[in-house]
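Visitor: Input: one structure, supplied below.
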Amino acid sequence: MPNIFYNSHHSPVGAFASFTLGFKGASGGLGIELAGPACQNVYIGIESAAAPGQFFALPFYDAGERGRSVEAEPTAQDVWGDSDRAVADADGGGEHPRGQRRQPGPAPQKAATITPFADGDIARETTPACDVWRAGGLEFRIYTPSLSLPDPSRSAEQVAQDPSALKDAAIPAVFVEITLDNTGCASPRKAFFGYEGNDPYSAMRRVAGERVNGVGQGRVTGIFTDDMDVACALAFSAEELLAGDISDRLPFGLGTTGLVLMSANPRERRTWRFAVCFYRAGVVTCGKEAYYQYTRHFKSIEEVAEYGLKRFELYRDVALDFDRMVAESGLSGERLFMFSQAVKSYYGSTQLLVEAKANTPIWVVSEGAYRMMNTLDLAVDQLFFEMLKNPWTVRSVLDQYAGGYYYFDDVKSASGEKSAGGIGFAHDMGVANAFSPPGRSSYELRGKRGCYSYMTQEQLVNWILCAGVYFEGARDSAWLERRRQTIEQCLTSMLNRDGADGARRDGVMDLDSCKTGGGAEITTYDNVDTALGRARRSSYLAVKCWAAYLALSKMLGALGMGKQADVASGQADRCADTVLKYRRGDGTIPALLEEGNAAVTLSIVDGLVFPVVMGLFEDAQTVDKHCALVAALKRHFEAALEGGCRFADGGWKMSKTSDNSWLSKTFLCQFISEKIFRHAPDAEADKAHASWLLDPNNAANAFSDQMRAGKICGSAYYPRGVTSVLWLY
């Protein structure tokens, strides 16, 4: 990649935590439940071989005036400020006004300077589970292991077969190796790793235990090693801790910067291992009280560190195995980079919780910087990755919606005539650890026609598609039987939104939910343009409805409900016929299935992915029945891509009339293009899409989804990019 300075999440599974690193300056750090990077100074460096006492570091701190020599402690004025010092002096000079006695600093030490490595001296290698930095004699390697999460509601028999599996997978830590190659130097050299805390409610602290050493901020974040030969200390700057002998300042507790300092002997190549840990105790949510699953296994952040370091080889090997699996797929360099970024940002948004009252597991994926919880229009795209890694998490989200985040509504025509609607699902379950009341989202409002309106049809379709993919992938007939009533209600609701008169139904949504008041329903493309944002008669939504009817037919048939299965199948046929009816002479299909609509969108093909992943197109009869629709969508796709749904740099755009485009949806369209339409991969587009993420305006946000002509305009620090897993299917 031409730019190596981009942030990546490095996150445990289900901890909603991240060690974010990679963008220059104080743009990363250790954070829990944040809407973006922690923006802390992170110090990773080594002593110069040529100039002892001088140090080089990776550029992940705000240099400011750094690089200067530091020879002494801060003065009382530096620590307390002028007014506090004046009061202390007036009172006799010996007491701080809050009762803390001033202590003189030690004698000045030999000067220390920290200089960032030159850009050209730094190399970086990013893979889905690793991130490796090399500069001079330093190698800094981060492992982000992602063991498949066992279902926390497993039977006692299953737990007995592998009692530590859930503990191993849910550990809130990522792992680091630091290597200092001192083989060419006849003198000992130091290496260091640490950070400057910025939480005003938790002091930085030094940890010097019997089994682990390290530095941390309160009980929430920390960097730990089981090497007992290292020194761990606090100061007001990193330079102070590198300025000679620090043995007399180890007990000092006022510093805001903590470092772990290591030393390699002459002619020695030495590696140290670390666990970067996170811990949030007790109830962490409101609206519905829940706590992190990992607190069942670990009572403190020190326990996390000790356990993780004992099993360091396991976590390293899991990370390397995942990387090998991805490497075998033969992804191009651009796709490997984008997939790596996406996987890491997905895990950075995940939470594995336990509901306190019911004592049941809850899976939550927060919506990146927006932090909305289990947003259903993200869940329907993330499920391909989840079915590969942790299928039970798809079921958890489905059950949470079917168990509380649903409602029943009426529907209305464009003229205002009302009729029965049916079951609908909320857009999300809350925001930033605050669960919404049952049946409500944090997002949807009455009286809107754009952003913040209801997405009833979209979310109904999304629940059905998630259910269909989960049932087919997991072969979970017991779950399907438990959800029999909900699935039947979904069919009724789909029919009612097409129209009350069965004879006039055409398989496409014609009626808005009355919950919109004087407004109208929208789609997940709420802020792209009207062509994609409006739900009623949307061709994008129509193709998803077609896929949802096929999924309903499959599930209802498996439930022995043949009559209802036939109804769903018939609706799929009607929907396909309606879409085909609107084909234009140039091969395109309008964004809104209405006479005279001229808008063209690429995303009309989105819905094709679901029957393919469900294996429905392996049935020759289904292929024959729907080959005309697939052929028409292929022709539309080709015409749209060549006729305006492409940026000047070769990147794909979702709508001809908008520069607002989403990478996650682009990846999904690429799967359809290559696996269904049999097009060759678009290498030019891949280069453009990767360049968007690497643009300096975007690169601090790890994986960002929403771009306007290649510049971030929303959806930062986002999880949905894991649609890129479809490249591996």
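What follows draws every value from the coordinates through simple rules; no lab data is involved. Keep in mind the model is a prediction, meaning the values are calculated, not measured. Ideal geometry is used to build each Cβ from the backbone, glycine not excepted, and the neighbour counts take in all protein chains shown.
Visitor: Take the Cα atoms of segment 164-311, build their convex hull, and give its volume per residue in Å³.
Guide: Details: hull volume 17.2 nm³, N = 148.
In segment 164-311, the Cα hull volume divided by residue count equals 116 Å³.
Visitor: Can you give me the orientation-averaged projected area of the convex hull built on the Cα atoms of segment 441-570, in nm²? Don't skip to the answer; put the middle values down first.
Guide: Details: hull surface 32.6 nm².
Mean projected area of the Cα convex hull: 8.2 nm².
Visitor: Going highest first, how would you order 331-341, 46-56, 406-416 by mean Cβ packing within 10 Å? If you can, show how the numbers build up before the last one.
Guide: Values: 331-341: 21.0, 46-56: 18.0, 406-416: 15.5.
Packing proxy ranking, top to bottom: 331-341, 46-56, 406-416.
Visitor: Enter the angle in degrees (range 0 to 90, nearest 10) between the Cα long axis of helix 683-694 and the first principal axis of the Cα atoms of the chain, meaning the one along which they spread out most.
Guide: On a 0 to 90 degree scale, this one is about 50.
Visitor: With axes computed from alpha carbons, what is the tilt in degrees of helix 562-581 against the longest principal axis of the chain, rounded to the nearest 10 within 0 to 90?
Guide: It works out to around 90 degrees.
Visitor: Right, another one. Using the alpha-carbon centroid of each, what span in Å lies between segment 290-349 and segment 502-528?
Guide: Centre-to-centre (Cα) distance: 41 Å.
Visitor: Provide the packing ranking of 679-685, 640-646, i.e. peptides ordered by the mean count of other C-beta atoms within 10 Å per residue, highest first.
Guide: Details: 679-685: 14.3, 640-646: 17.9.
The peptides rank, most packed first, as 640-646, 679-685.
Visitor: If you don't mind, there's one more thing I want to ask. Can you compute 3J(HN,Hα) from phi for each residue in segment 374-380, using the Karplus curve 6.51 cos²θ - 1.76 cosθ + 1.60 with θ = phi - 60°, rounded to whole Hz and x for Gly and Pro?
Guide: 6, 4, 6, 7, 8, 4, 5
Visitor: Once Lys and Arg get +1 and Asp and Glu get -1 on their Cβ, which of T393, C451, S413 lies farthest toward the positive end of the dipole of segment 383-466?
Guide: Most positive-ward Cα: C451.
Visitor: Okay, moving on. On a straight-distance basis, which aspartates and glutamates could pair with K581 in a cross-link, Cα separation under 20 angstrom, same-chain partners fewer than 8 positions away excluded?
Guide: Partners within reach: D498, D506, D510, D573, E594, E595, D606, D624, E638.
Visitor: Which ordering of C514, C232, C627 is given by a fewest-first count of other beta-carbon atoms within 10 Å? Each step should come with its number before you reach the end.
Guide: Details: C514 17, C232 25, C627 11.
Ascending number of Cβ neighbours within 10 Å: C627, C514, C232.
Visitor: Assuming 0.36 nm per residue, please report the length gained on full extension of the stretch E313 to D62 beyond their Cα-Cα distance.
Guide: Numbers: separation 251, 0.36 × 251 = 90.36 nm, distance 3.34 nm.
This chain segment gains 87.0 nm when fully extended.
Visitor: Where does helix 312-327 land angle-wise versus the long Cα axis of the chain, in degrees 0 to 90, nearest 10?
Guide: 40 degrees
Visitor: A further question on this structure: With +1 assigned to the C-beta of every Lys and Arg and -1 to the C-beta of every Asp and Glu, and no other charges, what is the dipole magnitude of segment 634-729 about the Cα centre in debye, to the nearest 20? Don't skip to the end; give the middle numbers.
Guide: Working: 12 positive and 10 negative charges, 61 e Å.
So the magnitude is around 300 debye.
Visitor: Could you order peptides 365-378, 540-553 by the average number of other Cβ atoms within 10 Å of their residues, highest first? Mind dumping the intermediate values first?
Guide: Details: 365-378: 24.4, 540-553: 27.3.
Highest-to-lowest ranking by the protection proxy: 540-553, 365-378.
Visitor: Distance between Cα centroids, segment 612-666 to segment 690-705: provide it in whole Å.
Guide: 25 Å
Visitor: To continue, here is another question. How long are the semi-axes of the ellipsoid equivalent to segment 329-728, from square roots of 5 times the Cα gyration tensor eigenvalues, in whole Å, largest first? Present the calculation step by step, with values, prior to reporting the outcome.
Guide: Numbers: eigenvalues 160, 132, 91 Å².
Semi-axes, largest first: 28, 26, 21 Å.
Visitor: Right, something else. Taking a cut-off of 19 Å between Cα atoms, list the aspartates and glutamates near K687, but don't count ones fewer than 8 places away on the same chain.
Guide: Filter leaves E125, E334, E642, D649, D659, E674, D695, D705.
Visitor: Next question. Per residue of the chain, what 222 nm ellipticity follows from adding -39500 (n - 2.57) for every DSSP H run with n ≥ 4, rounded to the nearest 500?
Guide: Numbers: 20 runs with 232 residues, N = 729.
Rounded to the nearest 500, it is -10000 deg cm²/dmol.
Visitor: What pairs in K24/K448; K24/K190; K448/K544; K563/K656; K310/K344 have C-alpha atoms more than 32 Å from each other?
Guide: On the way: K24/K448 41 Å; K24/K190 23 Å; K448/K544 23 Å; K563/K656 41 Å; K310/K344 24 Å.
Too far apart for the 32 Å limit: K24/K448; K563/K656.
Visitor: Scan segment 673-709 for trypsin sites (Lys or Arg not before Pro) in coil per DSSP, keeping those whose Cβ has at most 16 other Cβ atoms within 10 Å, and list them by number. Show your work: numbers first, answer last.
Guide: Working: sites: K675, R678, K687, R708; in loops: R678.
In loop regions of segment 673-709 (DSSP not H, G, I, E or B), the sparsely surrounded trypsin sites (Lys or Arg not before Pro) are R678.
Visitor: Counting DSSP beta bridges in the chain, what percent are antiparallel, to the nearest 5? Before the final figure, lay out each step's value.
Guide: Details: 103 of 109 bridges.
Taking every DSSP beta bridge within the chain, about 95 percent pair in antiparallel fashion.
Visitor: Shifting gears a bit: At each listed q (0.06 Å⁻¹), what is the log10 of I(q)/I(0) that the Debye formula gives for the chain modelled as equal alpha-carbon point scatterers?
Guide: The computed values of log10 I(q)/I(0) come out as -0.40.
Visitor: Placing unit charges on C-beta atoms (Lys and Arg positive, Asp and Glu negative, everything else neutral), compute the dipole magnitude of the chain about its Cα centre in debye, rounded to 20.
Guide: Details: 75 positive and 88 negative charges, 211 e Å.
Using only the charged Cβ atoms, the result is roughly 1020 debye.
Visitor: What is the pair-distance distribution P(r) of segment 316-397, computed from all Cα-Cα distances in 5 Å bins starting at 0, with each bin given as a whole percent?
Guide: 3, 12, 20, 23, 17, 14, 7, 2, 1, 0
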